[in-house]
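Some notes on the structure that comes next.
Nothing in this text is a laboratory measurement; each read-out follows from the coordinates by a stated rule. Note that the structure is a prediction, hence the values are computed from the model and not measured. Note that we place each Cβ from the backbone using ideal geometry, even for glycine, and neighbour counts take in every protein chain shown.
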Amino acid sequence: MCTARYNTLPDDHSQPNVADDHIQNLAAIFVRHNAHDVLGVHLIHGHFQIPEDTVLLGNNFEKPEGRWAKPTKVDTIDLNMVHGHILVLKDDGVFRAYEYQGGSLPDLSRVSKDFLPEFVDYLRVNDLTNLLGLQVLGCSSTSMSELILEGETVMLDVSAIMGCEQSRTTGWRFEMVDGKPRVCKGEESHSQMTSGNHKVFIDGKPLPRLENVDHLKQQLVEAGILSVAL
């Protein structure tokens with residue numbers, strides 16, 4: 001079921017544009033209910049098909065700050081050490097995760113109990129349930145750019161990458177400034193290589209099977225995306 005949930009997602013470029021008014025209205029909802037520090041909004045989308053009995057599971061790394069997400073067999077995952085990362089509202093009124101994150105769920109105790117009912121109502125009334133999902137935020141407040149690998153994705157600090165250009169905003173987070181809600185400048189986006197490729201290639205070939213984070217960084221250096229593997 002989790003595999004099918006991801007494999008039926010539309011590509012981000014197949015999704016319609018998100019009106020700025022909706023993002024501003026959602027900023028007000030998140031800030032009013034004190035959800036903005038731990039939750040955000042994400043464009044519902046996928047990039048490829050994942051194998052049966054797997055989920056897309058991301059883990060963070062540093063130097064540069066990033067997140068590597070890859071299909072992971074469900075029966076190999078310690079369920080006490082992962083949480084839903086991006087969730088979509090289903091017809092039964094329940095948010096279901098289609099992407100997961102390693103680590104503990106952040107503290108949600110300060111979020112008002114009225115947040116989810118108002119958020120759900122806004123999505124339904126404005127016919128946004130297939131366009132916008134709920135994202136559990138990490139600790140990063142910087143702009144992050146998502147790149148597509150061979151059946152995997154990597155999210156990198158925008159300031160650390162080269163040879164790429166933003167093609168679509170995919171994530172929004174909010175803040176309160178002088179008592180008013182505001183859309184943060186630090187956002188998530190899908191990027192492509194300036195060559196026009198939507199996937200990362202080296203000499204016209206997709207990246208090889210990646211063994212670990214150090215290998216990932218090395219391949220990104222060879223692709224001209226990172227200047228050096230720190």
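As a test of the formula, what do you get for the chain when each DSSP H run with n ≥ 4 contributes -39,500 (n - 2.57) and the sum is divided by the residue count, at 222 nm and rounded to the nearest 500 deg cm²/dmol? Present the calculation step by step, with values, prior to reporting the outcome.
Details: 4 runs with 40 residues, N = 230.
-5000 deg cm²/dmol, from helical runs alone.
Once the Cβ-Cβ distance between residue 142 and residue 14 is put in as r, and R0 is 30 Å, what FRET efficiency do you end up with, to the nearest 0.05?
Step by step, r from the Cβ atoms, then E = 0.65.
Rounding to the nearest 10 and keeping the result within 0 to 90°, find how far the Cα-based axis of helix 115-125 lies from the longest principal axis of the chain.
With both axes taken from Cα atoms, the answer is about 80 degrees.
What is the extension gain from residue 77 to residue 125, computed as 0.36 nm multiplied by their sequence separation minus the C-alpha to C-alpha distance, in nm to one decimal?
13.6 nm
Could you calculate the contour length gain from residue 49 to residue 63, that is, 0.36 nm times the residue separation minus the distance between their Cα atoms, to one decimal place in nm?
Stretched fully, the residue 49-residue 63 segment lengthens by 2.1 nm.
Got a sec? How would 220, 9, 137 order by Cβ neighbour count within 10 Å, fewest to most?
On the way: 220 26, 9 21, 137 18.
Ascending number of Cβ neighbours within 10 Å: 137, 9, 220.
By how many degrees, 0 to 90 and rounded to 10, does the Cα axis of helix 213-222 deviate from the longest principal axis of the chain?
Its long axis makes an angle of about 70 degrees.
What is segment 60-113's relative contact order, in percent, from Cα pairs under 8 angstrom and six or more apart in sequence?
It rounds to 27 percent for segment 60-113.
With both bridge residues required to lie in the chain, what share of the DSSP beta bridges run antiparallel, to the nearest 5%?
85 percent
Taking 8 Å as the Cα distance limit and 6 or more residues as the minimum spacing, I'd like the relative contact order of the chain as a percentage.
On the way: 434 pairs, mean separation 50.5, N = 230.
Answer for the chain is 22 percent.
Of the listed peptides 60-66, 130-136, what is their order by residue-averaged count of other C-beta atoms within 10 Å, with the highest listed first?
The packing order, highest mean first, is 130-136, 60-66.
Could you give the angle, 0 to 90 degrees to the nearest 10, between helix 20-32's Cα long axis and the longest principal axis of the Cα atoms of the chain?
Between the helix axis and the principal axis of the chain, the angle is about 70 degrees.
So how do 174, 30 line up by other beta-carbon neighbours within 10 Å, fewest first? Each step should come with its number before you reach the end.
Numbers: 174 22, 30 27.
Ascending Cβ contact count within 10 Å gives the list 174, 30.
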